[in-house]
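None of the figures in this text is laboratory data; all of them are computed from the coordinates on show. As the structure is a computational prediction, the values presented were derived from the model and not from experiment. When we count neighbours, we look across all protein chains shown, and the Cβ atoms used for this are built from the backbone with ideal geometry, even at glycine.
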Amino acid sequence: MKTFIFDIDGTLLDSVTMYLLGLQKTMRRHGQEFTLDELRFSNGIPSTVTMGRLGFEGDAVAPAVKEWTQDSLDFVDDVDWFPGMKDTLVALRATGAKTGIVTSKNRDQYSIDDQRFGFSHYFDTIVGAGEAKRNKPFGDPILLAMQRVGGDVADTVYVGDTATDAQAAHDAKVAFALATWTTPQPGPEFDPIAARLQIPADLKQLL
C-alpha cells in the first residue's frame, strides 16, 4: 500500500465517548433522554444526519449540530491519540506513503481536533463532510482524498472502525483495514476486511 486514508473518531482518536456524552447532554437540553448505547448510531455518519434522525428538521439542524459540538467540549480532556498511532504515521510517511483523513465531521468540528492534535503535521489532505458529492457510506470522499494526493485504487487502504467506514471503502473499491481497538467483533456488514489491525503499528505490514 502507498496511500493510507483514515477515519478520525475511534480510529485515530479515542474520542467516541466524548461525542456520545456531548450528544446526550444536547438532547437532555431538548427534553429527550437517551443512553449512550442508544446514541451509538451517530458514530461514523455526518452530524446533520444524526440530528435529522433525532427529530431536528430544516433550519433547526445547524444550531443543534453547533450545540452538540460545544457540549462535546465539556468532555474533551479525556480524549487522546490511540497509543502508537502518531509514531506509526511518522513511520508511514518516512517511507514515502501518502496519508489522508476522510471524516464525517464538518470543518468546524475538524478544526477543534486539528488545533489540539495537530493533524496537519501527519496528513497530506483532509476531506470533511460535504466536500465530496456524497458523504460516507459512499466512496466519494475517499476518491476525492486519493485524487488530491495522487493515490491509486490498487494501492490505497481506508482505515476505520465502523460499518459506514467499511461500506465507503468498498464503494470506492479500495482495501478496508479495521481498527479492532474500537471494534473487536465486526458484523458481516463489514466484509470484506482486508486487514484486522490489532495495534496501529500493524499498518506498517501493509507497505
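Here are some notes:
- Derived scalar couplings ³J(HN,Hα) [the stretch 81-98; Karplus, 6.51 cos²θ - 1.76 cosθ + 1.60; whole Hz; x for Gly, Pro]: 4, 5, x, x, 5, 4, 4, 5, 4, 4, 5, 4, 5, 5, 7, x, 5, 8
- In the chain, helices alone account for a calculated mean residue ellipticity at 222 nm of -10500 deg cm²/dmol, with every DSSP H run of four or more residues adding -39,500 (n - 2.57).
- Restricting the calculation to Cα atoms, the stretch 146-207 yields a radius of gyration followed by a Dmax of 11.3, 33 Å.
- Pairs of Lys residues in the stretch 53-207, spaced 8 or more positions apart or belonging to different chains, with C-alpha separations under 23 angstrom: 16 in total.
- Backbone phi angles across the stretch 189-194, fed through the Karplus curve with coefficients 6.51, -1.76 and 1.60 (θ = phi - 60°), yield HN-Hα couplings of 5, 7, 5, x, 10, 6 Hz in residue order; Gly and Pro are listed as x.
- Degrees between helix 163-172 axis and first principal axis of the chain (Cα, 0 to 90, nearest 10): 50 degrees
- With distances taken between every two different alpha-carbon atoms, the stretch 40-115 has a Kirkwood hydrodynamic radius of 14.7 Å.
- Shape summary of the stretch 74-134, radius of gyration then Dmax from alpha carbon positions: 12.8, 38 Å.
- Largest GNM mean-square fluctuation among 154, 145, 64, using the chain with Cα springs under 10 Å: 154.
- Within the chain, percent of DSSP bridges classed antiparallel, to nearest 5: 5 percent
- Coordinate range along principal axes, alpha carbons of the chain, Å, largest first: 51, 32, 31
- If you model the stretch 1-64 as an ellipsoid using its alpha carbon gyration tensor, with each semi-axis the square root of five times an eigenvalue, the axes come out at 25, 15, 9 Å, biggest first.
- Selection from 52, 76, 92, by position along the positive dipole direction of the stretch 22-96 (Cβ): 92
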